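Chemist: Structure in structure tokens, see below.
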Amino acid sequence: MPQKLYFTVGPSELYPTLPAHIQEALDKKIGTISHRGKAFQDIFKNCVYQLRTLMNIPDTHHIFFLSSATEIWERILQNCVDQKSLHLVNGSFSKRFYEFAVELGKTPEKIQTDFGKGFFAKDIAIPNTCEAICVTQNETSSGVCMPLNEIYLLKQKAPNALLFVDSVSSVPYPDYDYKIVDSVFFSVQKCFGLPAGLGVWIVNEKCIEKANLLLAQKKSIGTYHSLPSLFGKAKDFQTPETPNVWNIFLLGKVAEDMNNKGIQQLRKETDTKAAMLYEYFNSSKNFSIAVSEPVHRSATTIVANTAINASEVNKKLEPYNMVVGSGYSSYKETQIRIANFPALSIEQTEKLIEALKKELQ
């Protein structure tokens with residue numbers, strides 16, 4: 001039986017080279033090695049090197065491995081915020097980041113816009129007391145992205161605040177200027193096409209300094225995954241706890257494959273597929289583009305309103321062995337979400353569009 005092709009936005013279609021890397025991991029018994037031994041240190045080194053190459057991450061920023069991007073929300077707020085964080089909320093995940101701050105007893109502020117809408121920096125007033133600006137660059141629930149130049153303008157408005165960017169469903173597509181951005185984080189089950197269970201946190205020295213300052217003030221910054229703890233172990237290419245060695249190994253291998261292909265080629269293909277999908281939805285009788293402002297339309301998470309229930313759309317796609325994502329939460333049946341990740345080729349995207357046209361126009 002032919003395998004299904006998943007255009008879901010996470011967990012998503014696995015990267016095509018992954019089976020070979022999993023077999024290599026089995027052959028090398030990666031699951032049994034000590035996380036304090038040289039074999040793991042080499043895996044850690046390779047993964048960090050491949051990510052630095054792929055995403056152009058400078059030595060000013062450190063790379064840490066955690067369990068998920070959801071965990072990283074909490075670690076950011078514990079380690080880098082005493083009281084005041086500012087959250088730009090325009091979807092379910094950016095809202096949850098804000099809610100974490102409330103649950104941790106901080107005094108966060110939020111600037112909220114309607115679901116499916118984006119932000120322009122000129123409209124954002126940043127309080128003088130703001131310690132951290134928390135931005136979701138690509139809102140997976142709504143398909144809204146924030147252009148990088150708009151994110152950079154936020155930093156210009158508040159140069160003393162730390163800038164944290166949730167890039168869960170967009171990296172490695174965005175080309176970040178790390179002289180401006182203090183921290184970027186993501187998880188691997190979306191654009192990298194890996195099984196879930198690994199978060200990657202990129203931070204600069206300012207973030208670590210803030211954690212040490214709070215620690216010196218006898219503030220709680222967490223335990224084993226505090227920034228000082230992560231940094232202390234990462235210097236020796238290790239982690240504070242027994243990590244997800246499998247996924248660190250696989251991430252290094254997939255990032256290496258992406259480097260061999262070339263980041264510019266990956267971005268070019270992403271743009272090509274996004275243009276194809278948006279052109280189709282713009283002309284369709286049953287679908288329409290969900291994000292009205294073109295500059296805020298994500299290149300990696302394509303969301304469309306649907307006149308036909310999302311579950312029915314997937315029933316129509318069953319003979320083609322294809323699956324698209326349903327809308328998020330209350331939009332479950334009224335929207336579809338399509339992953340435009342590197343694991344999915346231009347040819348596969350063309351076939352999806354052809355099937356949608358044939359079955360639904």
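Chemist: For the stretch 69-108 and the stretch 330-361, write down the distance between their C-alpha centroids in whole Å.
Modeler: Distance between centres, Cα-based: 32 Å.
Chemist: R0 = 41 Å: FRET efficiency of THR223 with LEU26, Cβ-based, nearest 0.05?
Modeler: Values: r = 33 Å, r/R0 = 0.81.
That pair, THR223 with LEU26, gives E of 0.80.
Chemist: If packing is taken as the mean number of other Cβ atoms within 10 Å per residue, what is the order of 225-231, 336-342, highest first? Let's see the in-between values first.
Modeler: Numbers: 225-231: 20.7, 336-342: 26.0.
Going from most to least packed, we get 336-342, 225-231.
Chemist: Taking 8 Å as the Cα distance limit and 6 or more residues as the minimum spacing, I'd like the relative contact order of the stretch 18-260 as a percentage.
Modeler: 29
Chemist: Please report ASP182, ASP59, ASP42 as a ranked list, fewest other C-beta atoms within 10 angstrom at the top and most at the bottom.
Modeler: ASP59, ASP42, ASP182
Chemist: Okay, moving on. Counting other beta carbons within 10 Å of each residue's own, what order do VAL184, VAL9 fall into, fewest first? Let's see the in-between values first.
Modeler: Values: VAL184 25, VAL9 29.
With the fewest neighbours first, VAL184, VAL9 line up as VAL184, VAL9.
Chemist: Measure up LYS29/LYS235; LYS29/LYS268; LYS117/LYS253 against 31 Å on the Cα-Cα distance and list the ones that go over.
Modeler: On the way: LYS29/LYS235 25 Å; LYS29/LYS268 37 Å; LYS117/LYS253 36 Å.
Exceeds cut-off: LYS29/LYS268; LYS117/LYS253.
Chemist: What ³J(HN,Hα) values, in whole Hz, does the Karplus curve 6.51 cos²θ - 1.76 cosθ + 1.60 give for the stretch 140-145 when θ = phi - 60°, with x put for Gly and Pro?
Modeler: So the J values, rounded to whole Hz, are 4, 6, 10, x, 9, 10.
Chemist: Okay, next question. Applying a 10 Å radius around every beta-carbon, put 114-122, 345-353 in order of their mean neighbour count, most first. Can you show the working numbers first?
Modeler: Numbers: 114-122: 17.0, 345-353: 15.3.
By packing density, highest mean first, the sequence is 114-122, 345-353.
Chemist: At 222 nm, what helix-only mean residue ellipticity would the chain give, in deg cm²/dmol to the nearest 500, using -39500 (n - 2.57) for each DSSP H run of four or more? Provide the component values of the computation, followed by the final result.
Modeler: Numbers: 11 runs with 143 residues, N = 361.
Dividing the helical sum by the residues of the chain leaves -12500 deg cm²/dmol.
Chemist: Assuming R0 = 22 Å, can you tell me the calculated FRET efficiency for the pair ASN128 and THR107, based on Cβ-Cβ distance, to the nearest 0.05?
Modeler: Numbers: r = 14 Å, r/R0 = 0.64.
E between ASN128 and THR107, to the nearest 0.05, is 0.95.
Chemist: Can you tell me, using C-alpha contacts under 8 Å and at least 6 residues apart, the relative contact order of the stretch 1-154 as a whole percent?
Modeler: Numbers: 146 pairs, mean separation 27.8, N = 154.
That works out to 18 percent.
Chemist: Karplus couplings for the stretch 104-117 from phi (6.51 cos²θ - 1.76 cosθ + 1.60, θ = phi - 60°), rounded to Hz, Gly and Pro as x?
Modeler: So the J values, rounded to whole Hz, are 7, x, 7, 10, x, 10, 10, 10, 10, 10, 5, 4, x, 10.
Only the coordinates and a few stated rules stand behind these numbers; no lab work does. Quantities reported herein were computed from a predicted structural model and do not represent experimental measurements. No Cβ is skipped: glycine too gets one built from the backbone with ideal geometry, and neighbour counts run over all protein chains shown.
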